[in-house]
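One structure, as structure tokens, below. Some questions next.
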Amino acid sequence: MKLEKKYLLIASFVLVLGIAIILFTNSLNVAAVGEAVSCCEKAVNGAFCQNSPPAECDSNFRIAPTSCESTSYCKQGTCFDSQEGTCLEGTPQLVCQDNGGVWDERDADELPQCQLGCCYIGDGAAFVTQTRCKKLASDFGLETNFRTDIKSEAQCIASAFPKEKGACVFEQEFQRTCKLLTRAECFDLEATSPAANVEFHEGFLCSAETLATNCGPTEKTTCSETGEVYFTDSCGNLANIYDAAKIDDKEYWSEIEEKSESCNPDANNANSPTCGNCNYLLGSLCKEFERGNPQTTVKPQFGDFICADLSCEYKGKTVEHGETFCADSPGSEDNLPGSEYFRGVCYNSEITIEPCAGFRQEVCVEDDIDGFSVAACRVNRWQDCVAQDKKADCENKDKRDCVWNENVESLLSDENGKLLIVNEEGKLVPADGKEDRESGASCLPKYAPGLEFWKSGRAEEACAIAEGNCIVKYKRNLFLTAFQWDCVENCECLEDEWGDLRNRMCVALGDCGSGKNYVGREGFNKIEDAITITKLGENKSEG
């Protein structure tokens, strides 16, 4: 498996030198039968401590008429390489020194510099000496991480990859059985239970035939901790994600497959009878099949569990799990008195309606992101709309929620009380008395706020902004016997449209003017009651 490969790659650095020296020093040249054999400290072929005929020994080195095992100069001990950090037992002193090592007649486990520990290199581990660990860390450009408290190679490897999952095979009650565990859990099992002959097989399922356990494939399924539907083996272990097409696939029952490698990895697989690769973020979750449950409308082909559909139904429309939306609210579209904004949330097939702040101080805004609805309650920024006298300022969405209305009577006047109108450059300027009153413009709230109209103060002040006078001037027609008065200025104020327009401006400011509330009930104020006509002196003017 991947773990063992990583370990062997590191361990190979330890073994290469040792193998070369052992093969070199232990090679024997068997003399012909009956020919005298001596121990050559060095043979003419360059080999050290070799049993050979005297003629094949290098005369510059010691020669003894006996086997090398009986000589002192070819006595074997431990050779420590201080550069590589390796300790090689069974090495003659001369061979060790000739290769630049430090020789000691004691065994390796008696030498402090040869004590082994666990060396962590990147995502791998090796059971080596501390000097060897430093050398490996230097070769890979990593920091040294060496632990002396780990006393075995198996424990070292397990500590490096504690969360790797696989088949933990062991013998219990005269049976070879298995549990799907992490590496750390498997080695803990060996230490804390009567299980014998514990083996860990990373990446394998307990149902793999090659492991020869008593665990095999079944048609049963269950829910995993992460919310997918999984096959289970005859020992109750998880296998792979439920895929009806692979129920008889031996390979599928042998090795662990990732979620991304399983059936339909990019879909939610809600109510799929053949695939249990549920995706909570896409709107499905493993649940037991239940007839009549709108979440589980299809029976799975095998087992009793399925990817339940987490979407919702809201007024005949399907809302996906996790989507938020602006819920319907009577009167909110026209910001009628008493209306409020609401935000809806679909979560685990249930709709929750959340109110935004009262009096329409918050409004619900909704957006679509790649077909996924997202809504939120945010502050209604209406307070300074009527103070804006430029269209760009009025419609600055970063600062306020307002709408620029042209061809209406302005709600603004200059310091002399003159009505402001829009000039050719689009700016509000004082009128000279000849322009049409509807040449003005006003910046009004996009979302009319609610007002506590039963309290005096702020509500009355807000509504008073839209109050105004319209002085209509008449001229007497001397040619008519009845002395008729003809309208000559601001005659449009005599029409119903002027009152309607003024009322619409009142309504836009908040719960003002004349109209219906959110349940369709008429208010107490009428347009005709809001308009009063007063004759000024003998001029017979109306206003």
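None of the figures in this text is laboratory data; all of them are computed from the coordinates on show. Fair warning: this is a prediction, and the values are worked out from it, not measured in the lab. Glycine also receives a Cβ, built like all others from the backbone with ideal geometry; neighbour counts cover every protein chain displayed.
Run through segment 232-290 and list the trypsin sites (Lys or Arg not before Pro) located in a DSSP loop whose Cβ has at most 12 other Cβ atoms within 10 Å.
Working: sites: 246, 250, 259, 287; in loops: 250.
Answer by residue number: 250.
Fewest Cβ neighbours within 10 Å first, please rank 360, 502, 521, 378 accordingly. Spell out each step's value before the answer.
Numbers: 360 25, 502 20, 521 10, 378 14.
Ranked by crowding around the Cβ, least crowded first: 521, 378, 502, 360.
If you count, for each residue, the other Cβ atoms within 10 Å and average over each peptide, how do 440-452, 136-148 line up from highest to lowest?
Values: 440-452: 21.5, 136-148: 13.2.
Going from most to least packed, we get 440-452, 136-148.
Test of understanding: extend the Cα→C-beta vector of residue 245 to 7 Å, then name every residue of segment 275-306 with backbone N under 11 Å from that spot.
From segment 275-306, the list is 275.
Using DSSP to call loops (not H, G, I, E or B), can you name the GluC sites (Glu not before Pro) in segment 42-116 whose Cβ has at most 16 other Cβ atoms within 10 angstrom?
Numbers: sites: 56, 69, 84, 89, 105, 110; in loops: 84, 105.
Hits after loop and neighbour filter: 105.
Provide the descending list of Cα extents for segment 376-417 along its principal axes, expressed in whole angstroms.
Principal extents (largest minus smallest coordinate, Cα): 43, 19, 15 Å.
What FRET efficiency do you get for residue 209 and residue 298 if R0 is 35 Å and r is their Cβ-Cβ distance, rounded to the nearest 0.05?
Details: r = 33 Å, r/R0 = 0.93.
Once rounded, the FRET efficiency stands at 0.60.
Would you please give the FRET efficiency between residue 372 and residue 488, computed as 1/(1 + (r/R0)^6) with r the Cβ-Cβ distance and R0 = 60 Å, to the nearest 0.05? Numbers along the way, then the final one.
Values: r = 62 Å, r/R0 = 1.03.
Approximately 0.45, to the nearest 0.05.
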